[in-house]
Amino acid sequence: MVVLTQPLVENFSHIKTCKNNSTSSDHHDHTSNVIPVIDLLDPEANTLIIKACQEFGFFKVVNHGVPIETITKLENEAVKFFNLSQIEKDKACPANPFGYGNKRIGSNGDVGWVEYLLFTTNPQLTHNNSITIPGNSLLFRALVKEYVNAMRNMGCMVLEMIAEGLNIEQKNVLSRMLRDEKSDSCFRVNHYPPCPELLQTLSGRNLIGFGEHTDPQIISVVRSNNTSGLQISLKDGTWLSVPPDPYSFFINVGDSLQVMSNGRFRSVRHRVVADSLRARVSMIYFGGPPLSEKIAPLSCLMEEPDEQILYNEFTWSEYKMSAYKTRLGDNRLSLFERKPSHAQR
């Protein structure tokens with residue numbers, strides 16, 4: 001789907017660039033084969049998800065059961081919004097943190113070639129009511145609610161499969177946090193406009209749409225249109241381009257799940273590069289726990305006498321406040337890593 005829009009900025013010098021990855025068909029086939037694809041109807045899905053969380057912190061899910069209409073209806077409305085003039089979009093309520101944002105990511109100086117809408121999923125909060133979508137705010141909010149419900153259900157299904165794959169008796173030990181009425185989850189729609197004027201000025205480099213980072217929550221469910229741009233970092237630091245698939249979803253392991261698994265799973269570092277000719281629209285559900293939830297390695301996983309606890313306990317509120325004070329690419333978990341005692345060295 002092509003999105004027609006005005007350039008967000010006249011001068012791109014303050015937005016970072018990165019080396020252009022290969023776009024050959026051989027490279028596309030290679031990346032398609034590397035990224036784990038999990039069929040949620042596969043009897044072995046639990047085991048495959050555990051392996052993907054350990055190796056990549058990232059995987060694609062198919063046979064997810066989400067109707068395509070739930071996806072396309074919301075995407076179409078989002079495209080209509082992002083096609084509006086900048087004056088109209090600015091009326092939607094500036095992101096603080098919820099609302100409409102343009103280029104600025106957070107409050108610590110990070111910027112990217114992106115504009116977005118950010119919503120809370122907690123019905124007890126009223127932030128969403130102040131976000132005015134020109135045309136039909138009620139319809140947009142209803143579509144967001146429908147989509148978020150589908151993403152929450154899928155996220156909970158995946159988390160329960162993880163619990164089973166780890167042989168945890170309490171199947172909902174992770175999913176209960178997303179289903180809690182006080183779950184501090186959020187939903188974001190990102191729009192990365194095309195930037196054809198940069199083809200000559202960047203000399204073969206890519207403009208950063210959203211800088212490298214990890215997600216602080218438990219799990220993220222990502223879906224995009226058919227434009228590439230998402231990249232994940234492998235264990236050796238290599239950046240791997242993720243081929244888009246508008247009919248599937250991608251799952252990110254977040255920082256909180258890395259802690260609760262005591263480092264068994266890795267929170268995937270990822271970024272988005274802008275496409276010079278085509279717009280990218282992505283929709284992300286960030287599944288978070290209640291603010292008061294204590295985050296620590298699960299006791300049921302710490303039964304081996306020689307396994308050391310890698311992280312100090314913290315509440316989600318504490319971690320969230322800490323994350324807001326950092327830059328996008330910082331290692332937020334480093335402040336909560338447990339230092340080995342003298343006897344363990």
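The values are calculated or read from the model by the stated rules, or taken from the named source; none is laboratory data. Since this is a predicted model, take the numbers as computed values, not measurements. Neighbour counts are summed over all protein chains in view; Cβ atoms, including those assigned to glycine, are modelled from backbone coordinates with ideal geometry. Accessible surface is based on the protein model in full, side chains and every heavy atom, while ligands, DNA and RNA are left aside. Shrake-Rupley method; radii C 1.70, N 1.55, O 1.52, S 1.80 Å.
Points to keep in mind about this one:
- Segments 148-154, 162-168 sorted - mean Cβ within 10 Å per residue, highest first: 148-154, 162-168
- Converting phi to 3J(HN,Hα) with the Karplus coefficients 6.51, -1.76 and 1.60 and the offset θ = phi - 60°, the range 59-65 yields 6, 9, 10, 10, 6, 8, x Hz in sequence order, with x at every glycine or proline.
- Taking amide H atoms as placed 1.01 Å from N in the peptide plane, the amide H of Arg278 lies under 5 Å from those of Cys195, each 5 or more residues away in sequence or on another chain.
- Residues Met157 and Asn96, FRET efficiency given R0 of 41 Å [Cβ-Cβ distance, rounded to 0.05]: 0.80
- Taking only the C-alpha atoms of the range 33-324, the Rg (one decimal) and the largest Cα-Cα distance, Dmax (whole number), read 18.8, 61 Å.
- Sorting Met283, Met302, Met321 on solvent-accessible area from highest to lowest, probe radius 1.4 Å, gives Met321, Met302, Met283.
- Using a probe of 1.4 Å on the protein chains alone, the accessible area found for Asp42 is around 50 Å².
- Based on alpha carbons, the Rg and Dmax found for the range 194-345 are 18.2, 60 Å.
- As a ratio to 2.2 N^0.38 Å, the alpha-carbon radius of gyration computed for the range 81-192 takes the value 1.26.
- Modelled spin-label separation between Glu313 and Lys182, with each label point placed 7 Å from Cα along the Cα-to-Cβ direction: 1.6 nm.
- Counted charge near Ile309, where neighbours are those whose Cβ lies closer than 14 Å (Asp, Glu -1; Lys, Arg +1): -2
- Potential lengthening between Thr238 and Glu146 on full extension [0.36 nm per residue; Cα-Cα distance subtracted]: 29.5 nm
- Accessible area expressed per residue, the range 33-324, with surrounding protein chains retained (probe 1.4 Å, Å²): 42 Å²
- All-pairs Cα distance distribution in the range 32-86, expressed in whole percent, bin size 5 Å: 4, 17, 18, 14, 11, 13, 11, 7, 3, 1
- Placing pseudo-labels 7 Å out from each Cα toward the beta carbon at Asn331 and Lys80 gives an inter-label distance of 4.7 nm.
- Computed over protein heavy atoms with a 1.4 Å probe, the carbon and sulfur contribution to the accessible area of the range 138-202 reaches 50%.
- Over 25 Å between alpha carbons, listed pairs Lys51/Lys73; Lys51/Lys171; Lys89/Lys145; Lys60/Lys235; Lys182/Lys320: Lys51/Lys73
- The slack between Gln54 and Thr70, meaning 0.36 nm per residue of separation minus the straight C-alpha distance, is 2.7 nm.
- Contour excess over end-to-end distance, with Cα ends at Asp245 and Cys300 and 0.36 nm allotted per residue: 16.2 nm
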